[in-house]
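Undergrad: Below is the structure I would like to discuss, written out as C-alpha coordinates.
The values are calculated or read from the model by the stated rules, or taken from the named source; none is laboratory data. It should be emphasised that the depicted structure is a prediction, and the values quoted were computed from it without experimental measurement. FYI the Cβ positions are ideal-geometry reconstructions off the backbone, even for glycines, and counts take in every protein chain you see.
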Amino acid sequence: MKPNTFNLTVLILLSFLSLSTAQKKSISETWYKGNLHAHSFWSDGNDFPEMIMDWYKNHNYDFAVLSDHNTLNAGEKWVTIDDNKTKKLALQKYQKKFEDHWIHTRKDSEGNTMVRLKTLQEYRSIFEASEEFLIIQSEEITDRYENKHIHVNATNIVNKIEPRGGKTVAEMLQNNIDAVNAQRKETGVPMIPHINHPNFGWSVTTDDIKKLDGEQFFEVYNGHPAVHNFGDDTRPGMDEMWDDILTAYILNNKPPLYGLATDDSHSYHERKVGHSNTGRGWVMVNAQNLNPVSIINALEKGDFYATSGVNFNYIKKANNTLSFEVQPETGVTYKVQFIGTKKSNPMDTGIVLKETNEIENSYTLTDDDLYVRAIIISDKLKENPYQEGETERAWVQPLINK
Ligand SMILES: [Zn+2]
Ligand SMILES: [Zn+2]
(Lines give C-alpha, C1' and ligand atoms only; values in the text may rest on other atoms or scores of the structure.)
(Ligands and ions follow the chains in the order given, each with its own letter.)
Protein backbone atom coordinates (compact mmCIF):
# COMPACT_ATOMS: atom_id res chain seq x y z
CA MET A 1 0.00 0.00 0.00
CA LYS A 2 1.25 3.42 -0.93
CA PRO A 3 1.14 5.90 1.96
CA ASN A 4 -0.72 9.12 1.22
CA THR A 5 1.05 12.44 1.40
CA PHE A 6 -0.29 13.25 4.86
CA ASN A 7 0.99 9.97 6.34
CA LEU A 8 4.30 10.39 4.64
CA THR A 9 4.69 13.90 6.07
CA VAL A 10 3.82 12.63 9.54
CA LEU A 11 6.29 9.78 9.15
CA ILE A 12 9.10 12.08 8.07
CA LEU A 13 8.29 14.50 10.87
CA LEU A 14 8.20 11.74 13.46
CA SER A 15 11.50 10.25 12.36
CA PHE A 16 13.06 13.73 12.36
CA LEU A 17 11.76 14.38 15.86
CA SER A 18 12.98 11.07 17.26
CA LEU A 19 16.36 11.52 15.59
CA SER A 20 16.84 15.00 17.00
CA THR A 21 15.81 13.81 20.48
CA ALA A 22 18.24 10.91 20.29
CA GLN A 23 21.05 13.15 19.05
CA LYS A 24 20.41 15.71 21.72
CA LYS A 25 20.41 13.04 24.39
CA SER A 26 23.64 11.42 23.25
CA ILE A 27 25.49 14.71 22.82
CA SER A 28 24.66 16.76 25.84
CA GLU A 29 22.00 15.46 28.13
CA THR A 30 22.99 12.03 29.33
CA TRP A 31 24.22 12.46 32.86
CA TYR A 32 24.97 9.18 34.63
CA LYS A 33 24.87 9.19 38.42
CA GLY A 34 27.47 7.06 40.14
CA ASN A 35 29.33 6.27 43.33
CA LEU A 36 33.01 5.32 43.02
CA HIS A 37 33.80 4.32 46.61
CA ALA A 38 32.00 1.81 48.90
CA HIS A 39 32.72 -1.22 51.09
CA SER A 40 31.00 -4.51 51.84
CA PHE A 41 31.57 -7.64 53.95
CA TRP A 42 34.38 -8.39 51.49
CA SER A 43 36.39 -6.00 53.72
CA ASP A 44 35.14 -3.74 56.52
CA GLY A 45 31.66 -2.83 55.29
CA ASN A 46 28.78 -4.25 57.28
CA ASP A 47 26.47 -5.61 54.59
CA PHE A 48 26.27 -8.13 51.77
CA PRO A 49 27.22 -6.88 48.28
CA GLU A 50 23.77 -7.56 46.82
CA MET A 51 22.08 -5.49 49.53
CA ILE A 52 24.37 -2.54 48.81
CA MET A 53 23.91 -2.76 45.03
CA ASP A 54 20.17 -3.01 45.58
CA TRP A 55 20.28 0.27 47.54
CA TYR A 56 22.20 2.13 44.84
CA LYS A 57 20.07 0.77 42.01
CA ASN A 58 16.87 1.72 43.84
CA HIS A 59 18.10 5.24 44.54
CA ASN A 60 18.48 6.28 40.92
CA TYR A 61 22.18 5.58 40.58
CA ASP A 62 23.27 4.43 37.12
CA PHE A 63 26.54 2.92 38.24
CA ALA A 64 28.23 1.82 41.45
CA VAL A 65 31.32 0.02 42.70
CA LEU A 66 32.41 -2.01 45.69
CA SER A 67 35.97 -0.87 46.30
CA ASP A 68 36.89 -3.15 49.16
CA HIS A 69 40.27 -2.83 50.89
CA ASN A 70 42.98 -4.83 49.11
CA THR A 71 40.54 -7.30 47.58
CA LEU A 72 38.29 -7.71 44.60
CA ASN A 73 34.86 -9.27 45.17
CA ALA A 74 36.33 -12.52 43.86
CA GLY A 75 37.38 -15.92 45.17
CA GLU A 76 35.92 -17.66 48.21
CA LYS A 77 35.12 -15.71 51.35
CA TRP A 78 32.78 -16.60 54.20
CA VAL A 79 31.39 -14.24 56.80
CA THR A 80 30.63 -15.66 60.24
CA ILE A 81 27.44 -14.40 61.83
CA ASP A 82 28.55 -14.48 65.45
CA ASP A 83 26.94 -12.60 68.38
CA ASN A 84 27.50 -9.25 66.69
CA LYS A 85 24.10 -7.52 66.52
CA THR A 86 24.78 -5.75 63.25
CA LYS A 87 25.84 -8.97 61.53
CA LYS A 88 22.68 -10.69 62.76
CA LEU A 89 20.57 -7.83 61.46
CA ALA A 90 22.39 -7.88 58.13
CA LEU A 91 21.65 -11.60 57.73
CA GLN A 92 17.98 -11.12 58.63
CA LYS A 93 17.57 -8.38 56.03
CA TYR A 94 19.48 -10.44 53.45
CA GLN A 95 17.25 -13.47 54.04
CA LYS A 96 14.15 -11.33 53.73
CA LYS A 97 15.28 -9.83 50.43
CA PHE A 98 16.74 -12.89 48.70
CA GLU A 99 15.37 -16.41 48.35
CA ASP A 100 16.86 -19.29 50.30
CA HIS A 101 18.28 -20.97 47.21
CA TRP A 102 20.36 -17.84 46.44
CA ILE A 103 21.93 -17.67 49.92
CA HIS A 104 24.72 -20.15 50.58
CA THR A 105 25.23 -20.98 54.29
CA ARG A 106 26.92 -23.53 56.55
CA LYS A 107 27.62 -23.87 60.30
CA ASP A 108 31.02 -23.47 61.92
CA SER A 109 32.24 -25.72 64.77
CA GLU A 110 30.55 -23.47 67.35
CA GLY A 111 27.22 -23.57 65.60
CA ASN A 112 27.42 -20.05 64.12
CA THR A 113 25.94 -19.52 60.69
CA MET A 114 28.50 -18.76 58.00
CA VAL A 115 27.50 -17.16 54.72
CA ARG A 116 29.55 -17.39 51.53
CA LEU A 117 29.85 -13.95 49.94
CA LYS A 118 28.74 -13.74 46.33
CA THR A 119 31.44 -12.70 43.89
CA LEU A 120 31.00 -9.79 41.49
CA GLN A 121 30.80 -12.40 38.73
CA GLU A 122 27.82 -13.96 40.53
CA TYR A 123 25.89 -10.88 41.67
CA ARG A 124 26.36 -8.51 38.76
CA SER A 125 23.84 -10.28 36.53
CA ILE A 126 20.95 -9.71 38.90
CA PHE A 127 21.45 -5.93 38.80
CA GLU A 128 23.07 -4.95 35.53
CA ALA A 129 20.92 -3.95 32.55
CA SER A 130 21.95 -2.09 29.42
CA GLU A 131 21.77 1.71 29.90
CA GLU A 132 20.09 1.14 33.27
CA PHE A 133 22.64 -0.02 35.78
CA LEU A 134 26.34 -0.82 35.63
CA ILE A 135 28.74 -2.23 38.22
CA ILE A 136 32.41 -1.34 37.74
CA GLN A 137 35.07 -3.56 39.31
CA SER A 138 37.14 -1.65 41.85
CA GLU A 139 39.62 -1.97 44.70
CA GLU A 140 40.78 0.42 47.42
CA ILE A 141 44.52 -0.19 47.47
CA THR A 142 45.16 0.33 51.15
CA ASP A 143 48.69 1.11 52.24
CA ARG A 144 50.16 2.42 55.45
CA TYR A 145 53.24 4.53 56.14
CA GLU A 146 53.90 4.75 59.90
CA ASN A 147 50.66 6.34 61.16
CA LYS A 148 49.63 7.64 57.72
CA HIS A 149 46.87 6.03 55.69
CA ILE A 150 47.59 5.92 51.97
CA HIS A 151 44.45 4.83 50.14
CA VAL A 152 44.15 4.80 46.36
CA ASN A 153 41.07 3.56 44.54
CA ALA A 154 41.46 1.72 41.25
CA THR A 155 38.29 1.98 39.17
CA ASN A 156 37.72 -0.66 36.45
CA ILE A 157 40.66 -2.70 37.65
CA VAL A 158 41.13 -6.15 36.07
CA ASN A 159 43.54 -7.89 38.46
CA LYS A 160 43.94 -7.30 42.17
CA ILE A 161 46.83 -5.00 43.14
CA GLU A 162 48.73 -5.59 46.37
CA PRO A 163 49.74 -2.34 48.13
CA ARG A 164 53.20 -1.42 46.83
CA GLY A 165 54.68 0.30 49.87
CA GLY A 166 57.36 3.01 49.74
CA LYS A 167 59.73 5.06 51.86
CA THR A 168 57.66 8.27 52.04
CA VAL A 169 53.98 9.15 51.73
CA ALA A 170 54.55 10.57 48.23
CA GLU A 171 56.56 7.53 47.13
CA MET A 172 53.87 5.20 48.42
CA LEU A 173 51.16 7.12 46.56
CA GLN A 174 53.27 7.12 43.40
CA ASN A 175 54.01 3.38 43.61
CA ASN A 176 50.33 2.50 43.93
CA ILE A 177 49.29 4.92 41.17
CA ASP A 178 52.03 3.49 38.93
CA ALA A 179 50.73 -0.02 39.59
CA VAL A 180 47.27 0.95 38.32
CA ASN A 181 48.65 2.77 35.29
CA ALA A 182 50.96 -0.18 34.51
CA GLN A 183 48.03 -2.62 34.64
CA ARG A 184 46.13 -0.32 32.28
CA LYS A 185 49.02 -0.45 29.84
CA GLU A 186 49.43 -4.23 30.11
CA THR A 187 45.75 -5.08 29.72
CA GLY A 188 44.69 -2.26 27.40
CA VAL A 189 41.66 -1.76 29.66
CA PRO A 190 40.99 1.86 30.67
CA MET A 191 41.18 2.19 34.44
CA ILE A 192 41.88 5.10 36.76
CA PRO A 193 43.52 5.57 40.13
CA HIS A 194 42.14 8.19 42.46
CA ILE A 195 43.50 9.47 45.77
CA ASN A 196 41.07 8.93 48.63
CA HIS A 197 40.32 11.26 51.54
CA PRO A 198 43.76 13.01 51.94
CA ASN A 199 42.82 14.33 55.41
CA PHE A 200 41.89 10.92 56.85
CA GLY A 201 44.37 10.74 59.75
CA TRP A 202 45.81 13.97 58.26
CA SER A 203 47.83 11.57 56.13
CA VAL A 204 48.37 13.18 52.73
CA THR A 205 49.38 16.82 52.15
CA THR A 206 49.32 19.03 49.07
CA ASP A 207 53.13 18.75 48.92
CA ASP A 208 52.81 14.96 48.65
CA ILE A 209 50.27 15.15 45.82
CA LYS A 210 52.14 17.91 43.97
CA LYS A 211 55.11 15.55 43.52
CA LEU A 212 53.08 12.90 41.70
CA ASP A 213 52.91 11.95 38.03
CA GLY A 214 50.05 10.17 36.30
CA GLU A 215 47.58 11.32 38.97
CA GLN A 216 44.41 13.02 37.84
CA PHE A 217 41.72 12.46 40.49
CA PHE A 218 41.19 13.00 44.17
CA GLU A 219 38.20 13.10 46.51
CA VAL A 220 37.11 16.68 47.04
CA TYR A 221 34.29 15.23 49.13
CA ASN A 222 34.04 11.88 50.93
CA GLY A 223 31.03 10.93 53.07
CA HIS A 224 33.00 9.12 55.80
CA PRO A 225 32.81 11.02 59.12
CA ALA A 226 36.58 10.88 59.80
CA VAL A 227 37.94 12.50 56.65
CA HIS A 228 37.98 16.26 57.48
CA ASN A 229 36.67 17.44 54.09
CA PHE A 230 36.69 21.01 55.34
CA GLY A 231 40.05 20.88 57.19
CA ASP A 232 40.40 22.45 60.62
CA ASP A 233 41.79 25.66 62.14
CA THR A 234 45.32 24.95 61.02
CA ARG A 235 45.01 22.51 58.15
CA PRO A 236 43.45 23.07 54.71
CA GLY A 237 40.22 21.46 53.51
CA MET A 238 39.81 19.78 50.16
CA ASP A 239 38.85 22.91 48.21
CA GLU A 240 41.95 24.76 49.34
CA MET A 241 44.14 21.72 48.61
CA TRP A 242 42.60 21.34 45.17
CA ASP A 243 43.59 24.87 44.07
CA ASP A 244 47.08 24.52 45.48
CA ILE A 245 47.71 21.23 43.65
CA LEU A 246 45.92 22.25 40.45
CA THR A 247 48.00 25.42 40.20
CA ALA A 248 51.23 23.41 40.62
CA TYR A 249 50.11 20.80 38.06
CA ILE A 250 49.29 23.45 35.44
CA LEU A 251 52.56 25.32 36.01
CA ASN A 252 54.44 22.01 35.63
CA ASN A 253 52.54 21.03 32.46
CA LYS A 254 50.81 18.10 34.12
CA PRO A 255 47.20 17.14 33.36
CA PRO A 256 44.68 18.91 35.61
CA LEU A 257 43.49 17.44 38.89
CA TYR A 258 39.78 16.67 38.99
CA GLY A 259 37.63 16.39 42.11
CA LEU A 260 35.31 13.47 42.87
CA ALA A 261 32.58 13.18 45.48
CA THR A 262 32.05 9.69 46.93
CA ASP A 263 30.25 7.92 49.77
CA ASP A 264 33.02 5.66 51.11
CA SER A 265 30.06 3.83 52.68
CA HIS A 266 30.75 1.12 55.25
CA SER A 267 27.71 1.34 57.49
CA TYR A 268 24.35 0.26 56.09
CA HIS A 269 22.01 -0.27 59.05
CA GLU A 270 21.92 3.02 60.91
CA ARG A 271 21.69 6.30 59.05
CA LYS A 272 23.04 9.23 61.06
CA VAL A 273 25.98 11.57 61.61
CA GLY A 274 29.00 9.55 62.69
CA HIS A 275 28.24 6.62 60.38
CA SER A 276 29.63 6.25 56.85
CA ASN A 277 26.35 5.88 54.96
CA THR A 278 25.22 5.70 51.34
CA GLY A 279 23.93 8.72 49.42
CA ARG A 280 26.22 11.49 50.64
CA GLY A 281 28.46 12.27 47.67
CA TRP A 282 28.41 11.18 44.04
CA VAL A 283 29.45 12.11 40.51
CA MET A 284 27.25 12.97 37.54
CA VAL A 285 29.07 11.92 34.38
CA ASN A 286 28.25 13.29 30.95
CA ALA A 287 29.19 10.13 29.02
CA GLN A 288 28.11 8.69 25.67
CA ASN A 289 27.02 5.34 27.06
CA LEU A 290 26.72 3.49 30.31
CA ASN A 291 29.81 1.30 30.10
CA PRO A 292 33.14 1.49 31.93
CA VAL A 293 35.13 2.73 28.91
CA SER A 294 32.70 5.52 28.20
CA ILE A 295 32.47 6.56 31.86
CA ILE A 296 36.26 6.62 32.26
CA ASN A 297 36.71 8.58 29.01
CA ALA A 298 34.29 11.22 30.25
CA LEU A 299 35.94 11.39 33.68
CA GLU A 300 39.35 11.87 32.06
CA LYS A 301 38.00 14.70 29.91
CA GLY A 302 36.55 16.38 33.00
CA ASP A 303 33.01 15.91 31.64
CA PHE A 304 31.43 15.41 35.03
CA TYR A 305 30.62 17.18 38.26
CA ALA A 306 30.92 16.16 41.87
CA THR A 307 27.97 16.78 44.16
CA SER A 308 26.53 16.30 47.60
CA GLY A 309 23.06 17.34 46.42
CA VAL A 310 23.14 20.30 44.00
CA ASN A 311 22.47 19.48 40.32
CA PHE A 312 22.82 21.29 37.00
CA ASN A 313 20.64 21.65 33.93
CA TYR A 314 23.76 22.02 31.80
CA ILE A 315 27.48 22.70 32.05
CA LYS A 316 29.35 24.11 29.04
CA LYS A 317 33.01 24.74 28.43
CA ALA A 318 33.60 26.60 25.16
CA ASN A 319 35.80 29.45 23.89
CA ASN A 320 37.50 29.90 27.25
CA THR A 321 34.08 30.33 28.90
CA LEU A 322 32.68 28.14 31.63
CA SER A 323 28.90 28.38 31.89
CA PHE A 324 26.21 26.41 33.66
CA GLU A 325 22.71 26.50 34.98
CA VAL A 326 21.93 25.22 38.47
CA GLN A 327 18.80 23.06 38.69
CA PRO A 328 16.91 25.25 41.13
CA GLU A 329 14.80 23.96 44.01
CA THR A 330 12.01 26.03 45.46
CA GLY A 331 13.03 28.01 48.53
CA VAL A 332 16.73 27.19 48.19
CA THR A 333 19.38 29.86 47.56
CA TYR A 334 22.73 29.19 45.97
CA LYS A 335 26.08 30.87 46.46
CA VAL A 336 28.05 30.43 43.24
CA GLN A 337 31.79 30.99 43.32
CA PHE A 338 34.13 30.93 40.34
CA ILE A 339 37.56 30.11 41.67
CA GLY A 340 40.99 30.32 40.06
CA THR A 341 44.62 31.38 40.33
CA LYS A 342 46.23 34.34 38.57
CA LYS A 343 49.36 33.80 36.47
CA SER A 344 50.70 37.09 37.83
CA ASN A 345 50.37 35.88 41.43
CA PRO A 346 50.59 32.04 41.43
CA MET A 347 51.41 31.83 45.14
CA ASP A 348 47.93 33.10 45.96
CA THR A 349 46.03 30.00 44.87
CA GLY A 350 42.26 29.58 44.69
CA ILE A 351 41.00 33.13 44.80
CA VAL A 352 37.32 33.93 44.23
CA LEU A 353 37.16 35.41 40.71
CA LYS A 354 33.41 36.04 40.74
CA GLU A 355 30.56 35.39 43.13
CA THR A 356 26.82 35.38 42.39
CA ASN A 357 23.49 34.08 43.65
CA GLU A 358 22.24 33.42 40.14
CA ILE A 359 20.95 30.19 38.63
CA GLU A 360 22.54 30.84 35.21
CA ASN A 361 26.21 31.71 35.38
CA SER A 362 29.26 32.13 33.20
CA TYR A 363 32.87 33.19 33.48
CA THR A 364 35.29 33.91 30.65
CA LEU A 365 38.97 33.36 31.37
CA THR A 366 41.15 36.45 31.16
CA ASP A 367 44.75 36.30 29.93
CA ASP A 368 45.87 36.38 33.55
CA ASP A 369 43.79 33.36 34.67
CA LEU A 370 45.47 29.95 34.90
CA TYR A 371 42.08 28.19 35.19
CA VAL A 372 38.59 28.58 36.51
CA ARG A 373 36.45 26.10 38.42
CA ALA A 374 33.20 26.59 40.32
CA ILE A 375 31.66 25.61 43.60
CA ILE A 376 27.97 25.96 44.35
CA ILE A 377 27.01 26.12 48.02
CA SER A 378 23.28 25.87 48.68
CA ASP A 379 21.58 26.72 51.95
CA LYS A 380 19.67 23.41 51.92
CA LEU A 381 20.67 21.18 54.81
CA LYS A 382 21.76 17.69 53.79
CA GLU A 383 19.21 15.06 54.74
CA ASN A 384 21.85 12.75 56.23
CA PRO A 385 24.98 14.89 56.57
CA TYR A 386 28.52 13.70 57.12
CA GLN A 387 28.75 16.40 59.79
CA GLU A 388 26.10 18.50 61.58
CA GLY A 389 24.96 21.63 59.79
CA GLU A 390 26.33 20.60 56.38
CA THR A 391 24.50 22.02 53.34
CA GLU A 392 24.34 20.62 49.81
CA ARG A 393 27.11 21.56 47.37
CA ALA A 394 28.44 20.85 43.90
CA TRP A 395 31.82 21.19 42.27
CA VAL A 396 32.32 22.00 38.57
CA GLN A 397 35.59 20.69 37.11
CA PRO A 398 38.23 23.24 36.09
CA LEU A 399 38.54 24.83 32.67
CA ILE A 400 42.23 25.38 31.96
CA ASN A 401 43.51 28.43 30.09
CA LYS A 402 45.37 27.00 27.08
ZN1 LIG B 1 40.08 4.73 52.66
ZN1 LIG C 1 37.15 3.40 51.64
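Undergrad: Pull up the range 120-143, narrow it to residues that are part of a loop (DSSP other than H, G, I, E, B) and in contact (Cβ under 8 Å) with a residue 24 or more places away in the chain, then point me to the one that is surrounded by the fewest Cβ atoms within 10 Å (Cβ to Cβ).
TA: Applying the filter and picking the extreme gives Ser130.
Undergrad: So the check is Cβ under 7 Å with 6+ separation or different chains; which pairs have a first residue in the range 378-397 that's β-branched (Val, Ile, Thr) and a second one that's in a loop (DSSP other than H, G, I, E, B) and at pLDDT 95 or above?
TA: Listed pairs, sorted by first residue: Thr391/Lys382.
Undergrad: Further, regarding this structure: If we scan the range 230-238, do we find a residue that is buried (at least 21 other Cβ atoms within 10 Å of the Cβ), touching a helix residue (DSSP H, G or I) at 6+ places or on another chain (Cβ under 6 Å) and not in a strand (DSSP E or B)?
TA: no
Undergrad: Filter the range 45-86 down to residues that are within 16 Å of ligand 1 (Cβ to nearest atom) and within 14 Å of His269 (Cβ to Cβ) and give me whichever is nearest to the chain's Cα centre (by Cα).
TA: Gly45
Undergrad: Within the range 246-261, which residues are touching a Ser or Thr at 6+ places or on another chain (Cβ under 9 Å) and outside any helix (DSSP H, G or I)?
TA: Within the range 246-261, Ala261 is the sole residue that qualifies.
Undergrad: Another question about this same structure. Going through the range 182-204 one residue at a time, which ones are surrounded by fewer than 18 Cβ atoms within 10 Å (Cβ to Cβ), of a type outside the set (A, V, I, L, M, F, W, C) and more than 16 Å from ligand 2 (Cβ to nearest atom)?
TA: Within the range 182-204, Lys185, Glu186, Thr187, Gly188, Pro190 meet the criteria.
Undergrad: In the range 359-384, what residues are in a loop (DSSP other than H, G, I, E, B) and out of contact with any Gly (no Cβ under 9 Å at 6 or more places or on another chain)?
TA: Step one: filter the range 359-384 for residues in a loop (DSSP other than H, G, I, E, B), giving 359, 365-368, 370, 382-384.
Scanning the range 359-384 gives Ile359, Thr366, Asp367, Asp368.
Undergrad: If you don't mind, another one. Only residues that are part of a strand (DSSP E or B) and either in contact with a Cys (Cβ under 8 Å, 6 or more places away or on another chain) or more than 13 Å from ligand 2 (Cβ to nearest atom) (or both): list them for the range 144-165, please. Break it down stepwise before answering.
TA: Applying the first criterion (part of a strand (DSSP E or B)) to the range 144-165 yields 144-145, 148-155.
Matches in the range 144-165: Arg144, Tyr145, Lys148.
Undergrad: Shifting gears a bit: Can you work out which of the residues in the range 241-282 that are of a type in the set (Asp, Glu) and surrounded by 15 or more Cβ atoms within 10 Å (Cβ to Cβ) is nearest to Tyr32 (Cα to Cα)? Can you show your working first?
TA: Filtering the range 241-282 down to residues of a type in the set (Asp, Glu) leaves 243-244, 263-264, 270.
Now drop any that are not surrounded by 15 or more Cβ atoms within 10 Å (Cβ to Cβ), which leaves 243-244, 263-264.
Numbers: Asp243: 26, Asp244: 29, Asp263: 16, Asp264: 19 Å.
My answer is Asp263.
Undergrad: Looking at Asn252, Asn222, which is the one that is closer than 30 Å to Gly279 by Cβ, among the polar types (S, T, N, Q) and modelled with pLDDT of 95 or more?
TA: None of the other options fit; the residue is Asn222.
Undergrad: State whether one or more residues within the range 341-357 are more than 26 Å from Thr206 (Cα to Cα) and of a type outside the set (Asp, Glu).
TA: yes
Undergrad: Another question about this same structure. Which condition number does Phe133 fail, the rest of (1) among the aromatic types (Phe, Trp, Tyr); (2) within 16 Å of ligand 1 (Cβ to nearest atom); (3) touching an Asp or Glu at 6+ places or on another chain (Cβ under 8 Å) being met?
TA: Among (1) among the aromatic types (Phe, Trp, Tyr); (2) within 16 Å of ligand 1 (Cβ to nearest atom); (3) touching an Asp or Glu at 6+ places or on another chain (Cβ under 8 Å), Phe133 violates only (2).
Undergrad: Could I ask something else about it? Given the range 67-119, what strands (runs of 3 or more DSSP E) lie entirely inside it while holding 2 or more residues that are at pLDDT 95 or above and basic (Lys, Arg)?
TA: Output list reads 105-107.
Undergrad: Let me ask something else. Please tell me if His269 is within 30 Å of Ser40 (Cα to Cα), in contact with a Leu (Cβ under 9 Å, 6 or more places away or on another chain) and in a loop (DSSP other than H, G, I, E, B).
TA: Numbers: within 30 Å of Ser40 (Cα to Cα): yes; in contact with a Leu (Cβ under 9 Å, 6 or more places away or on another chain): yes; in a loop (DSSP other than H, G, I, E, B): yes.
Yes, satisfied.
Undergrad: A further question on this structure: Condition first: closer than 26 Å to Glu76 by Cα and either among the hydroxyl-bearing types (Ser, Thr, Tyr) or part of a loop (DSSP other than H, G, I, E, B) (or both). Can you find one or more residues in the range 166-187 that meet it?
TA: Yes, the range 166-187 has at least one match.
Undergrad: Among the numbered criteria (1) buried (at least 21 other Cβ atoms within 10 Å of the Cβ); (2) in contact with a Pro (Cβ under 6 Å, 6 or more places away or on another chain), which one does Gln216 miss?
TA: (1)
Undergrad: Now for a separate question. Residues of the range 264-300 being among the charged types (D, E, K, R) and within 15 Å of the chain's Cα centre (by Cα), which ones?
TA: Listed by number, the residues that qualify are Asp264, Arg280, Glu300.
Undergrad: Which of the residues belonging to the range 195-215 are part of a loop (DSSP other than H, G, I, E, B) and in contact with a strand residue (DSSP E or B) (Cβ under 6 Å, 6 or more places away or on another chain)?
TA: Going residue by residue through the range 195-215, those that are part of a loop (DSSP other than H, G, I, E, B) are 196-199, 203-205, 211-215.
Hits for the range 195-215 are Asn196, His197, Ser203.
Undergrad: Same structure, new question: From Asp108, Asp100, grab the single residue that is of a type in the set (D, E, K, R), in contact with a strand residue (DSSP E or B) (Cβ under 9 Å, 6 or more places away or on another chain) and closer than 24 Å to Lys77 by Cβ.
TA: Values: Asp100 fails: in contact with a strand residue (DSSP E or B) (Cβ under 9 Å, 6 or more places away or on another chain).
Only one candidate passes the filter, namely Asp108.
Undergrad: For the range 176-194, indicate whether the set of residues that are within 16 Å of ligand 1 (Cβ to nearest atom) and among the hydroxyl-bearing types (Ser, Thr, Tyr) is non-empty.
TA: For the range 176-194, residues within 16 Å of ligand 1 (Cβ to nearest atom) and among the hydroxyl-bearing types (Ser, Thr, Tyr): absent.
Undergrad: Oh, and also: Could we say that Gly309 is assigned to a loop (DSSP other than H, G, I, E, B), of a type in the set (Gly, Ala, Ser) and touching a residue at least 60 places away in the same chain (Cβ under 8 Å) here?
TA: For Gly309, the condition - assigned to a loop (DSSP other than H, G, I, E, B), of a type in the set (Gly, Ala, Ser) and touching a residue at least 60 places away in the same chain (Cβ under 8 Å) - is met.
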